[in-house]
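Structure first, commentary second.
The values are calculated or read from the model by the stated rules, or taken from the named source; none is laboratory data. Keep in mind that what you see is a predicted model, and the values were worked out from it rather than measured. Cβ sites come from the backbone with ideal geometry, for glycine too, and all protein chains shown count toward neighbours. Calculation scope for accessible area: heavy atoms of the full protein, side chains included, ligands and nucleic acids excluded. Shrake-Rupley method; radii C 1.70, N 1.55, O 1.52, S 1.80 Å.
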Amino acid sequence: MSRASGREYHQRLKGALDNTFLGQTLARFQGNYRGSRQAGFAGMDFEALAAEVGAAKDAALGHLEELYQQFKAKAEAAGATVHLAHDAAHAREIIAKIAAQTGSRRIIKSKSMTSEEIHLNRHLEAQGLKVTETDLGEWIIQLRGEGPSHMVAPAIHLSRSEVAELFTQVTGEKQDPEDIASLVEVARQRLRRAMLEADMGISGANFALASTGSIATVTNEGNARLVTTLPRVHVALVGLEKLVPDLNTALKILRLLPRSATGQLISTYVTWVTGAVECAANRGKKELHIVFLDNGRLALSQDPVFSQALRCLRCGSCANVCPIFGKVGGHNYGHVYIGAIGLILTYFYHGPEAAQELLGNCLNCQACKVNCPANIDLPGLIKKTAGLLLAEQGRPIKNQLLRRVLTNRPLFHFLLRRAYLAQKPLARGGRLIRHLPLFFAPDQEFRSLPVVAAEPLRDRWRRLAPKVPKPRLRVALFGGCLIDFVYPEQAEAFLGLIKGKGIQVDYARDQSCCGLPAAMASEEETAREVARQNLAAMEAEWYDYVLTLCASCASHLKKYPELLAGDPVWAGRAEHMAAKVIDLASFLQKEAGLEPAAAQGKAAAYHAPCHLCRGLGVHDASKELLREAGYDYRPYDDEEVCCGFGGSYSLDFPELSAAILERKLRQVAATGADTLVTDCPGCVLQLEGGLDHLGSPIRVRHLAQALAEAKDK
Amino acid sequence: MNQNELRQEFGRKAEAVSAVVTPVADLAQAFAQAARLTALQGGKCLAAPGWEGADLAALKAACEQEGLELITQGLRERTGEFHTGLTRARWGVAETGTIVVESSSEELRLATMLSEVHVAVLPAANLRADLFSLEQELDRTLADAPGYLAFISGPSRTGDIELVLTLGAHGPRQLHIMLLEEGS
Ligand code: SF4
Ligand code: SF4
């Protein structure tokens, strides 16, 4: 990110964070969505269905050219004309030419992200054509001269008052912001007139069926039906990736798309057009042109890594569940395409310039990934796309340092020890640093930072190592940087929990950082190198489990096989170790159990680390243990929403990290809990720092500590 | 699902998307209902393309009864004048409360799009559990080109202003499904 553009982007983010209406609307939107989506998928195996859709899309993406030829033959036999546009300019030219040849002057459109992608309206208007968007949200933003802020709900950033004001200007009559039905009525009347007068209708398509040459649109308002029926000419602009072989594939997608978009079991209208249908306004037959847009899709479909992005169904879910989108909205979290998929597609469709500010702005919280109906590894692709940028633009100093330091464990650990000395005067003898000198890390005032421990876990180990003569279980403890150097007491608490249970625990001295920070910085080679070092150090073959108290480390260790796939020496060992990786809560439930409940009904809320609940799929174990230990467990809505830490994310985007944290802490406080429990030292750092900064009496405990304290009582 | 369960599920799901399902014994009753609700809502004209012979005669009688004008073609010229569009639906889908309307006729499309109220007559015998159970029929229909096929689930809606659900954005404000008990 260049300095200037980076500063500008942060300014925009700050502006969005200051916009209270936007914040409230987005919070309501995301809250409603969570409930509707859940209801929509009730009783269904989402994961299996999403995997099926992903596989079906992949199969189609492997044969796009064939599918295109097949589609073209069918559709043209039915009276359509099928075009292939190589890029945005070509598509605009084709459509402008159709308008000229058919003498079309007035154009109506139904919603099409593809037409936004190629900035079609601007071009057609420059040719003197009158273009009217007919989707209510699209019409509103067209009147305001804005782009969409969401792929499904394009005007979600606007309040009813803003719409009423706009419609007052448009109609010359005072509109009542509280009467939304009458605002919708204004659009209905105005747009009905435009639709009846139009010469040409432009639509998008959700599917193009190669087997029959049909295109389908999925809408709620019904405007796409009018757009494809009333004018004498119909142009459908369709991304090549919308080609599917047959109806069965389309139905599979249709089963997930509306549920994922809004929680509806199906959208109000699903409309299938095959060929040149009856149209009295055009001497009996509609003039139908179907323009397929390549714009990089064919090349992308052949890429072993990035072709996944083309599975996207444009449901918008990856924005709906993203904590960052929830704070700043689509105008700051995407370019034309919005949300997680927007970060990726912007690079491919609109270029590195447009994407570079966005690509760093991801917490890797995995919320988008587990909700994606096309099973796309969105955070993974975001990091990989950022990696392409690095390769093109050269590595910033930060990355070069990371590479040098992380791959050299002794150097890395030396620096961590030095950090203890450097920070000592700042901590004034306490455990948290409340005020950082600003030059050290800007905008970090929203939370206090923990102090690096005087004696790291690795130095204490000789003293701590449990002596178990005839162990029934052998556990290799993977510390991770934060446990080792900042929170060794969390590991001590763990040792207390398994004392006398016949469990041997070893701490391999040569283990280092798990490598997640490198992966987050798109330094894949560094991440691989660190992974190999850890595999060698841990010697997992000798153990029943590789246990870690850090959810992020756990989910990253589980990624080693993917990271080292194809490596003749290490791939096998990586698989082997990944199978043994386990989190604390699951380990305790499976192998150790708890002492009889002793906690005294202390009220505890829980924060689910992203990499535990979504990364490892462990949702309930920790809460069950807390209850078992006698805590009065208090739930709240956003329990599984990211705390805003995201490792170095909180250093790069402190304003957002703080805003996301604040929302969480507000909910926690409302539960009345006096203890907040989580199972990741990174989350502890963020939560504890935020609470300390607020002067809140709520204490943060790692699960190991919370359970150990209950036992001690 | 047996026929009875299908009917119940369809009714539940259709109503969940704000459609109104009315069981009728025969076509005559469906026509009478359509004409009646049109008149009650102050409509003057009912558009019903695609009905022929004895059915058309019965419909005419029902409209006369309520003092309605019946039109069957030239709908484009009469935009804004007809209150109700009356059509058949081919199939009904219980899982989602959807009706499938073969809409290749332009007049029929206009009747379902430009009316204030859409009334669709659906033979109960044509209810299916889900779209996958209709796959072959749908496939055949799509292959019969050129064609226009519509899955309709409830009346037109939007949530584009502050996500407040509002019916009747562009299409009909109401959808009435006359569930026909006799064989079609
Ligand atoms: S990437 Fe997935 S979640 Fe995001 S819009 Fe596409 S299909 Fe939906
Ligand atoms: S991983 Fe989290 S922060 Fe990143 S795009 Fe997905 S939902 Fe947003």
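A P(r) calculated from all alpha carbon pairs of the range A:52-173, with 10 Å bins opening at zero, reads 11, 30, 32, 20, 7, 1 percent.
Mean per-residue shielding of peptide A:274-283 is 5, counting Cβ atoms of other chains within 10 Å of each Cβ.
Residues of the range B:158-174 that lose at least 30 Å² of accessible area (1.4 Å probe, protein heavy atoms only) when the other protein chains are present, relative to their chain alone, are B:158, B:160, B:161, B:162, B:163, B:164, B:166, B:169, B:170, B:173. Carbon-plus-sulfur accessible fraction, the range A:595-712 (probe radius 1.4 Å, protein heavy atoms only): 50%.
Normalising by residue count, the range A:531-619 has a Cα convex hull of 105 Å³ per residue.
Considering only DSSP beta bridges with both partners in the range B:1-122, what is the antiparallel share in %, to the nearest 5? If I count the DSSP bridges inside the range B:1-122, around 25 percent turn out antiparallel. Its residues counted as N, the range A:102-194 yields a C-alpha radius of gyration over 2.2 N^0.38 Å of 1.10. Between chain A and chain B, the total buried accessible area stands at approximately 4900 Å², from heavy atoms with a 1.4 Å probe. Of the DSSP H helices in chain A, those with a Cα length along their own long axis of 15 Å or more and a mean Kyte-Doolittle hydropathy reaching -0.5 comprise A:46-61, A:88-101, A:160-171, A:180-197, A:247-262, A:378-393, A:409-427, A:654-670, A:681-694.
Structural descriptor for chain A: relative contact order 12 percent, calculated from alpha carbon pairs under 8 angstrom and at least 6 residues apart.
I want the antiparallel fraction of DSSP beta bridges within chain A, as a percent rounded to 5. Here the share of antiparallel DSSP bridges comes out near 25 percent. With the biggest extent put first, the Cα atoms of the range B:42-88 measure 28, 21, 15 Å across the principal axes.
Remark: C-alpha extents of the range A:1-90 on the principal axes read 56, 46, 26 Å, sorted largest to smallest.
Of the listed residues A:474, A:311, B:76, the order by accessible area with a 1.4 Å probe, largest first, is A:474, B:76, A:311.
Accessible area of residue B:144 (1.4 Å probe, protein heavy atoms only, ligands and nucleic acids ignored): about 110 Å². Taking 0.36 nm per residue of sequence separation and removing the Cα-Cα distance, the residue A:525/residue A:627 pair yields an extension gain of 32.4 nm.
Normalised Debye scattering of the range B:67-153 at q = 0.11, 0.15, 0.21, 0.26 Å⁻¹ gives log10 I(q)/I(0) of -0.33, -0.59, -1.00, -1.28, counting only Cα atoms as equal scatterers and leaving out solvent.
Charge tally around residue A:406: other residues with Cβ under 15 Å, Lys/Arg +1 each, Asp/Glu -1 each, net +1. Averaged per residue, chain A has 37 square angstrom of accessible surface, using a 1.4 angstrom probe with ligands and nucleic acids left out. In the range B:3-180, one over the average inverse separation of all distinct C-alpha pairs is 16.4 Å, which is the Kirkwood hydrodynamic radius. Distance distribution P(r), the range A:631-713, all Cα-Cα pairs, bin width 5 angstrom from 0: 3, 14, 26, 27, 18, 8, 3, 1, 0 percent. A 1.4 Å probe run over the protein chains yields, for chain B, 38 Å² of accessible area per residue, whole-number rounding.
Working from label points 7 Å from Cα in the Cα-to-Cβ sense, the residue A:21 to residue A:130 distance is 2.9 nm.
Distance from the C-alpha centroid of the range A:117-159 to that of the range B:24-58: 40 Å, rounded to the whole angstrom. Within the range A:244-276, what residues put their amide N at less than 19 Å from the label point 7 Å along the Cα-to-Cβ vector of residue B:16? Within reach of a label on residue B:16: A:252-270.
Shape of the range A:560-694 from its Cα gyration tensor (a ≥ b ≥ c, root eigenvalues): rounded if a/c is under 1.5, otherwise prolate when a/b > b/c, or oblate? Oblate, since a/c reaches 1.5 and b/c is not below a/b. In the range A:409-589, the ratio of gyration radius to Kirkwood radius, Rg to Rh, stands at 0.99 when only Cα atoms are counted. Across the protein assembly as shown, the fraction of Cα-Cα pairs farther apart than 45 Å, rounded to a whole number, is 35%. If the chain linking residue A:392 and residue A:419 were pulled fully straight, counting 0.36 nm for each residue of separation and taking away their Cα-Cα distance, it would gain 6.4 nm.
A Förster radius of 35 Å combined with the Cβ-Cβ distance from residue A:106 to residue A:620 puts the calculated FRET efficiency at roughly 0.05.
Annotation: amide H-H contacts under 5 Å for residue A:132 (H modelled 1.01 Å from N, sequence separation of 5 or more, or interchain): A:107, A:108, A:109.
Computed over the range B:3-180, relative contact order equals 28 percent, with contacts defined as Cα pairs under 8 Å that lie 6+ residues apart. Restriction of the trypsin sites (Lys or Arg not before Pro) in the range A:114-176 to DSSP coil positions whose beta-carbon has at most 14 other beta-carbons within 10 angstrom yields A:174. A cut-off of 5 Å between modelled amide H atoms, ignoring neighbours fewer than 5 places along the same chain, links residue A:505 with A:475.
Here the peptides A:509-517, A:475-483, A:565-573 are ranked by packing, the mean other Cβ count within 10 Å, and the order with the highest first is A:475-483, A:509-517, A:565-573. Computed packing ranks the peptides A:638-647, A:353-362 as A:638-647, A:353-362, most packed first, by mean other Cβ atoms within 10 Å.
From most to least packed by mean Cβ count within 10 Å, the peptides B:42-54, A:266-278 give A:266-278, B:42-54. Isolated cysteines in chain A, defined as those with no second cysteine Cβ under 4.7 Å, comprise A:279, A:312, A:315, A:322, A:362, A:372, A:481, A:513, A:613, A:643.
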